[in-house]
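Rule-based calculations on the coordinates, nothing more; no lab input. Model, not experiment: these values are computed from the prediction. Positions of Cβ are backbone-derived with ideal geometry, glycine not excepted, and every protein chain shown enters the neighbour counts.
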Amino acid sequence: MSTGHGADSAPAPNSHDDATRSAALNKPGRTTSPGRKGGTFSSLGIRNYRLFATGQVVSNTGTWMQRIAQDWLVLSLTGSSAAVGITTALQFLPMLFLGLYGGVIADRYPKRRLLIATQTAMGVTGLALAVLTLSGHVQVWHVYLTAFALGLVTVVDNPARQAFVVEMVGPADLRNAVSLNSANFQSARLVGPAVAGVLITAVGSGWAFLLNGLSFVAPVAGLLLMRTSELHKVEPAPRGKGQLREGLRYVAGRPDLVWPIVLVGFIGTFGFNFPIWLTAFVNDVFHGGAGTYGLLNTLMAAGSLVGALLAARRGSSRLRLLVGAALLFGLLEITAALAPSFWVFAALLAPIGMFGLTINVTANSSVQLATDPAMRGRVMSLFMMVFMGGTPLGAPLVGWVTDAYGARVGFLAGGAVATLAAAGVGLALARVGGLRLKIDLRRGHPHVAFVPREPAPAEGLATAA
């Protein structure tokens, strides 16, 4: 339980029975934990989070530089979009098979110490790839190997980092901090691809890898400088058998956790394969270079940053926002796949980034706020395993479709899957929440809306959805 400077208002262990769940979910327009309105940047008033955010913006910039350089290096070495997909798959493959165990580790050990170790290891992988590239000895299997090593570290780093946010800011500022984390990441995404494009063109990919490796000094320093007495501490879970199954059972009994995780699973597996699609569009459709690829990533990042800042201003999460954003995300991908010119395609990337970010922030904060603190590492590891771990399954398939049928067909297929998933999950949530579709064609009335069935059920997801 939380023993720091603020009480965690998530449900206590074993308290997620029907009555508690119904009461929590029927607070209009809110998640299961209260939020307070303190402005878009309220979490930055907390010293520990400010140190964390400063370190992350530096390392995130380096990460985006490496991501662009890595994709372009693989494409240069192989000439294959499928090879880019394999690299992406190898980076996320460990999350697919070991992600839940990473959550168990995150629940058992102090998260700050875990993050110092994982962030250091990530820096080492960047430096290793830099040495290979700058020495002129790099081969595609080297890139595959370092991507896989980075994936192994991410298994522990992701759930620990996600769950550590609430220990820095407390439950009242959690949603704001999650949104600012995304804004932080997307701000770096604005700078990283542009710098990477210049570096690749001027001096080669190796320097981007080197700067990424060195960038991890910043988050490690921030973690070391934190005041541990100011953390909202969560007691580590004791060792015991069946903790993995316990986490799965916990999620299985919570439809407010299951359906957001299902939706982000489909979208993460099939709708977020932008390294494959953008490299293919630049190379095969628009016949551009690394600078064009960096520009497209920057435009998408700009939209994502706007989405993150808008999310930081919201005081609550609704599952209907999650479903609506996912539906628009899929439809925009389909539209971009059919774009007749480069500038129409480029312009559509900004709203795609905005709605993609809205999906991520809304699902992440909703799941965290609805989860018992003692289970948060395991639940978030499942969330990240589904969201990121599905990529090894989707990326090679999407890469093959893109190679075989062209960039437009590949992008369109991903958007179609996202659209169908959003529609299916929306209908499932409506059914669980006792809602029905109402079509009203009168002037001044909503034309299409979900309304409670009659008689209204005693419990469900009506207000949360």
- Taking the Cα centre of each part, how many Å lie between the stretch 264-287 and the stretch 90-167? 23
- Note on the structure: A correct fewest-to-most ranking of Thr78, Thr371 by other Cβ atoms within 10 Å would be Thr78, Thr371
- If we sort 126-133, 207-214 on the protection proxy, mean other Cβ atoms within 10 Å, highest first, what's the order? 207-214, 126-133
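P(r) tail for the stretch 102-212, what percent of Cα pairs lie past 21 Å? List each step's numbers first, then the result.
Working: 3067 of 6105 pairs.
Considering the stretch 102-212, 50 percent of its Cα-Cα pairs are separated by more than 21 Å.
Where does each of 339-351, 270-282 land if you order them by average Cβ count within 10 Å, highest first?
Going from most to least packed, we get 270-282, 339-351.
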- Note on the structure: HN-Hα couplings for the stretch 174-181 via Karplus (6.51, -1.76, 1.60; θ = phi - 60°), in whole Hz with x for Gly/Pro, come out as 4, 4, 5, 5, 4, 5, 5, 4
- By the mean-Cβ-within-10 Å protection proxy, highest first, 327-338, 58-69 rank as 58-69, 327-338
- For the stretch 157-282: rounded, prolate or oblate by the Cα gyration tensor [a/c cutoff 1.5]: oblate
- Note on the structure: HN-Hα couplings for the stretch 371-380 via Karplus (6.51, -1.76, 1.60; θ = phi - 60°), in whole Hz with x for Gly/Pro, come out as 10, 4, x, 5, 9, 4, x, 5, 5, 5
- Query: What are the residues whose amide H is under 5 Å from the amide H of Lys233, where those residues sit 5 or more places off or on another chain and H is modelled from the backbone?
  - Reply: Thr3, Gly4, His5
- Would you mind checking which residues have amide H under 5 Å from Gly288's amide H? H placed 1.01 Å from N; only 5 or more apart, or other chain. Asn283
- Note on the structure: At R0 = 45 Å the Cβ-Cβ FRET efficiency linking Leu427 and Arg245, nearest 0.05, sits at 0.90
- Query: So for the stretch 218-305, taking the charge dipole from beta-carbon charges (+1 Lys/Arg, -1 Asp/Glu), which of Leu305, Tyr250, Leu223 sits furthest toward the positive end?
  - Reply: Tyr250
